[in-house]
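A.B. asks: First the structure, then my questions, so here it is.
The values are calculated or read from the model by the stated rules, or taken from the named source; none is laboratory data. In this text, all values refer to a predicted model and were calculated from it rather than measured experimentally. Cβ sites come from the backbone with ideal geometry, for glycine too, and all protein chains shown count toward neighbours.
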Amino acid sequence: MPVGLQITPSILNADFAALGAEVARIPNADWVHVDVMDNHFVPNLTFGPTMVEALSRSTTLPLDAHLMIDDVDRCAADYVEAGAGSVTFHIEAAKAPIRLAREIRHAGARASMALKPATPIEPYEDLLPELDMILLMTVEPGFGGQRFLDLVLPKVRRAREAVERHGLETWVQVDGGVSLETIGRCAEAGADVFVAGSAVYSAADPDAMVVALRERAEEAVAGSGA
């Protein structure tokens, strides 16, 4: 399993007609981020378990399924069965988040909880021991290519502080508007897993961008003395 600072390209901005080939363009990625949307929880419609299963057969990179769906309590385990190594549910959609996290872990995947930009971390701090990762959205979920929201950075810092306060190894992931211009600020704030979609797949060489993003994050952490 990857450790340290990790780059997780989102295929939301890739060519849906050739996803296997698109993933093959990012061999240096740590994970492949798969955005699952139901056109209810967010105003967009994308992948389902069948697509995740097909993608898992076409790559050796682990899949990070981000479920932006209403019926997440019922459906999350389907994505583990489909081949996802990490499954993220939104706290705003989950009816029984502790039970859900335990079901995901029991099924064999890492359990992650996502928060929209306006959702505070503090009410959910006691859930951290049940989680392998917490995802802090740095844009409103639903569409790729949005502008990064700096206002989320203080929440990233508080999430990192909470993880350390509990003595956990929970990863802190950021998703939305992550680029060479913003990844350093995210790393300095305490994020260690970075979802980048537009920045990677709009680059002439997506894999070179993956490497560059990781290097930029590492430089930021080294410069901050963290």
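A.B. asks: Among (1) under 14 Å from Asp35 (Cβ atoms); (2) in a helix (DSSP H, G or I), where does Pro154 come up short?
C.D. replies: With respect to (1) under 14 Å from Asp35 (Cβ atoms); (2) in a helix (DSSP H, G or I), Pro154 is out only on (1).
The rows are residues; the columns are (1) within 18 Å of the chain's Cα centre (by Cα); (2) β-branched (Val, Ile, Thr); (3) modelled with pLDDT under 95.
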| position | (1), (2), (3) |
| --- | --- |
| Phe41 | yes, no, yes |
| Asn44 | yes, no, yes |
| Asp71 | no, no, yes |
| Leu100 | yes, no, no |
| His106 | no, no, no |
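A.B. asks: Does Gly184 qualify as being touching a residue at least 12 places away in the same chain (Cβ under 8 Å), closer than 18 Å to Leu135 by Cα and either of a type in the set (Val, Ile, Thr) or part of a loop (DSSP other than H, G, I, E, B) (or both)?
C.D. replies: Details: touching a residue at least 12 places away in the same chain (Cβ under 8 Å): yes; closer than 18 Å to Leu135 by Cα: yes; either of a type in the set (Val, Ile, Thr) or part of a loop (DSSP other than H, G, I, E, B) (or both): no.
No, not satisfied.
This table checks each residue for (1) polar (S, T, N, Q); (2) under 24 Å from Ser56 (Cβ atoms); (3) out of contact with any helix residue (DSSP H, G or I) (no Cβ under 9 Å at 6 or more places or on another chain); (4) surrounded by fewer than 21 Cβ atoms within 10 Å (Cβ to Cβ).
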{"residue": "Ser112", "(1), (2), (3), (4)": "yes, yes, no, no"}
{"residue": "Glu125", "(1), (2), (3), (4)": "no, no, no, yes"}
{"residue": "Met137", "(1), (2), (3), (4)": "no, no, no, no"}
{"residue": "Glu161", "(1), (2), (3), (4)": "no, no, yes, yes"}
{"residue": "Gln173", "(1), (2), (3), (4)": "yes, yes, yes, no"}
{"residue": "Gly176", "(1), (2), (3), (4)": "no, no, no, no"}
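A.B. asks: Please verify whether the range 210-221 includes one or more residues that are among the basic types (Lys, Arg) and touching a strand residue (DSSP E or B) at 6+ places or on another chain (Cβ under 6 Å). Before the answer, list the steps.
C.D. replies: Of the residues in the range 210-221, the ones among the basic types (Lys, Arg) are 214, 216.
Among the residues that remain, those that are also touching a strand residue (DSSP E or B) at 6+ places or on another chain (Cβ under 6 Å) are: 214.
Yes - at least one qualifying residue is present in the range 210-221.
A.B. asks: Output the number of the condition that Val163 fails; it satisfies all remaining conditions of (1) touching a Cys at 6+ places or on another chain (Cβ under 6 Å); (2) of a type in the set (Val, Ile, Thr); (3) not in a strand (DSSP E or B).
C.D. replies: Condition (1) is where Val163 drops out.
A.B. asks: Out of everything in the range 197-209 that is out of contact with any strand residue (DSSP E or B) (no Cβ under 6 Å at 6 or more places or on another chain) and closer than 24 Å to His66 by Cβ, what residue ends up being modelled with the lowest pLDDT? Give the derivation first.
C.D. replies: From the range 197-209, those out of contact with any strand residue (DSSP E or B) (no Cβ under 6 Å at 6 or more places or on another chain) are 198-199, 201-209; that's our starting set.
Checking which are closer than 24 Å to His66 by Cβ leaves us with 198-199, 201-203, 206-207, 209.
Working: Ser198: 91, Ala199: 95, Tyr201: 94, Ser202: 94, Ala203: 96, Pro206: 97, Asp207: 98, Met209: 98.
Ranking the candidates gives Ser198 first.
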